[in-house]
Structures are given as C-alpha cells and as structure tokens.
1. Can we say A:Gly157 is more than 14 Å from chain B (Cβ to nearest Cβ) and within 30 Å of B:Phe15 (Cβ to Cβ)?
2. If A:Asp163 passes every condition in (1) in a loop (DSSP other than H, G, I, E, B); (2) out of contact with any Leu (no Cβ under 9 Å at 6 or more places or on another chain); (3) surrounded by 20 or more Cβ atoms within 10 Å (Cβ to Cβ) but one, which one does it miss?
3. Counting only residues that are more than 18 Å from A:Leu28 (Cβ to Cβ), over 17 Å from the mean Cα position of the chain (by Cα) and within 11 Å of chain A (Cβ to nearest Cβ), give me the strands (runs of 3 or more DSSP E) lying completely in segment B:1-90 with at least 1 of them.
4. In segment A:97-144, how many are acidic (Asp, Glu) and part of a loop (DSSP other than H, G, I, E, B)?
5. For A:Glu97, are the conditions met, namely being within 12 Å of chain B (Cβ to nearest Cβ), farther than 26 Å from B:Val54 by Cα and among the charged types (D, E, K, R)?
6. Right, A:Leu21: touching a Lys or Arg at 6+ places or on another chain (Cβ under 6 Å) and over 19 Å from A:Val116 (Cβ atoms) or not?
7. Scan (1) modelled with pLDDT of 95 or more; (2) touching a strand residue (DSSP E or B) at 6+ places or on another chain (Cβ under 8 Å) for the single condition B:Lys37 breaks and write down its number.
8. Are any residues in segment A:34-67 within 17 Å of B:Gly71 (Cα to Cα) and in contact with an Asp or Glu (Cβ under 7 Å, 6 or more places away or on another chain), and if so, which ones?
2 protein chains.
Amino acid sequence: MIEGLKEKIRNIPNFPQKGILFKDITTLLSDRKAYNKAIDILKDRYIDMHIDLVVCIEARGFVIGGALAYGLNSGVTLIRKPGKLPYTTYKDSYELEYGRNEIEIHTDAIKPGQRVLIVDDLLATGGTVGAAIELVKRLDGEIVELAFLIELTFLNGRERLKDYNIYSLIQFGKEE
Amino acid sequence: MIEGLKEKIRNIPNFPQKGILFKDITTLLSDRKAYNKAIDILKDRYIDMHIDLVVCIEARGFVIGGALAYGLNSGVTLIRKPGKLPYTTYKDSYELEYGRNEIEIHTDAIKPGQRVLIVDDLLATGGTVGAAIELVKRLDGEIVELAFLIELTFLNGRERLKDYNIYSLIQFGKEE
C-alpha cells in the first residue's frame, strides 16, 4: 500500500443513490502533495514502457489521464459519453444494473499499433473499461496496461479483465 | 502566435448544431508533440506565480487542468455539471442562447486565500468561466489568471471578463 493516498479519499454515503458508498477523489486531487505523488508513481511505473497514447475515460479519468500523458510525454485520447465527440465515432456499450450505457471514441483517435495505456479513476465491476478496451482494439491499438487511481477489489473487476495487465494505486475492500 | 499548435485544431462544421464551426481539440491532444508543447508553455508561464490550485471546468478543461496542475506541482479542483459532485456544493448559472446552464463546486474545494488559476479548453463568450469565477470568489479563492487553450476572439469574452488577467494559447477569428 502506498502511504498518504488512501486517507485522502472521502467516503460519501448514498451517492449517487441509496446504499452506495461513493469514493470521492476530489479531496485527493485538491491536495497538492497527494495529487502529485499519485501522478508521480504512475509516471515512474510507465516511463520506460514507451506509451504513445494515454486513453482516458470521461470525466474524472480526464484529470488523471491528462496529467499522466504529460508526465510520460505522450499524447492523450478521450473516450466520451454519446454525442460529445464532434467527429465520426465508434461506439461500444456496457451493462448497468438497469439498462446500458454507451461510450465513444473518434474513428481516427489511435493509429494502428500505437502503444496505449487506458486510464480511469475507478475500477469497479470493469464494465466501462471493458467497453473502452473494445474501442481501442477496434482501432488496432496495443493495450499495454489498464491503470486506475482506485480499485474496489470486492467487485472483481480484475476477473472480468483477466486478459490485461491491471494496476491500481489505492484498493478498497467491501467494508471500507 | 505559437508555432505548431493552431494547425492541430480540427474544424467540424455544424457541431453541435447547424451553423456552428466547432473547434475540435482532440487532434491536438492526441499529438504527442503538440500536447506536451501546449502544457509546457502554460507551465512556463505560471511556474513562478505560486499557484496553489488549478480550478478546471468539466470536461475538456479537466485534461488541460489536470496536466497543468501536475506541471506546476499544485492541486486540482473540479467544477462540474449539476449532480456530478458528491459532497455539498455551491451552484452558479450562466446564460445560453436558449435557457441557462448550471455548474457546481464543492463547498470545501478551495481554502480562503488560496491562489487559483482557472483553466478551460475554450474561451468563447465567457459565460461558463464567468460562472466559475463566481464560484471561486464565493470560496474566497484569489484568482491569479484565466487560462485557455483556444480563444474565439470575435465573441469578445475578454470584454466580459475585463477585471481578470486572461491568457490563451491559440486565437481564432470569425472566418477561421
């Protein structure tokens, strides 16, 4: 466990709905030391892995992904909610408890063979990042790893994503 | 004019609605050299201005703001659309062509007197950033400057925001 990060995450009960204990990362982001330490650790991990593009998922993933891409001297590609990207897109969908969500990527967002790191703030069940993987594969990007600020280990996202390398900075169990 | 940035912006006609020539920044973001140059220039401008917090506006502003905060070794605070921030918030609204939009900030997102740089991808009429200024002032943040990747000079955002220092990396006139 990395010191000084986990305690900067704030628990918000019943957000966005009753029964959910939401992990609020804004308290970590606004803490100068914690934020820069988190990005430094990710940077140190990936600096020698020749990452061409950091692919990050709307919206909190944009903060971490944008910063990490800058640390790695790489480019950054956005995966967004439907209707937000202005050029032609590919879509993929993933299941929610009720219904499905869609995410999109520009059809020219990745050049075939580019080495890609997929970044989001949170790994829960892995639904969103699973769809992001499909979009990156469709553009023939080479997925080096999936990186997260937080992992909710009890939701078993790793199992669903077992074909990929996964890294998270902070892990939470069910009762935390 | 900074070389090598403006030509990386893609024009998308009629997005998000007919008659709008949308400036697509994703082509700049995914270009390793252009993206890192843009953030480097912002970093060089602000590195000696003692910025405590980069306040960035959802969603594209998160990429630039997250990266710049990392470059400046500062924290980052998120201004988001309604219902997205999990803790208690202050809201402010701004006019659209039809109706109004709201944005929010956490009530504890800025400590009184913290030196704040407000960052967004685009300065158009200045409506969004005007609301962001009100939120930062409500938390007694000290606004050092407003920074943008792109400025649409013909929409006169600077006039509306004339009480503040404004910096943009790329400027577009009406026919560009």
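1. no
2. Going through the list (1) in a loop (DSSP other than H, G, I, E, B); (2) out of contact with any Leu (no Cβ under 9 Å at 6 or more places or on another chain); (3) surrounded by 20 or more Cβ atoms within 10 Å (Cβ to Cβ), A:Asp163 breaks only (3).
3. Of the strands (runs of 3 or more DSSP E) lying wholly inside segment B:1-90, those with at least 1 residues that are more than 18 Å from A:Leu28 (Cβ to Cβ), over 17 Å from the mean Cα position of the chain (by Cα) and within 11 Å of chain A (Cβ to nearest Cβ) span B:10-13, B:21-24.
4. Residues flagged as acidic (Asp, Glu) and part of a loop (DSSP other than H, G, I, E, B) within segment A:97-144 amount to 3.
5. Numbers: within 12 Å of chain B (Cβ to nearest Cβ): no; farther than 26 Å from B:Val54 by Cα: yes; among the charged types (D, E, K, R): yes.
It is false that A:Glu97 is within 12 Å of chain B (Cβ to nearest Cβ), farther than 26 Å from B:Val54 by Cα and among the charged types (D, E, K, R).
6. On the way: touching a Lys or Arg at 6+ places or on another chain (Cβ under 6 Å): no; over 19 Å from A:Val116 (Cβ atoms): yes.
Criteria not met by A:Leu21.
7. (2)
8. Matches in segment A:34-67: A:Ile64 only.
The values are calculated or read from the model by the stated rules, or taken from the named source; none is laboratory data. Note that the structure is predicted; figures quoted are calculated from it, not measured. Cβ sites come from the backbone with ideal geometry, for glycine too, and all protein chains shown count toward neighbours.
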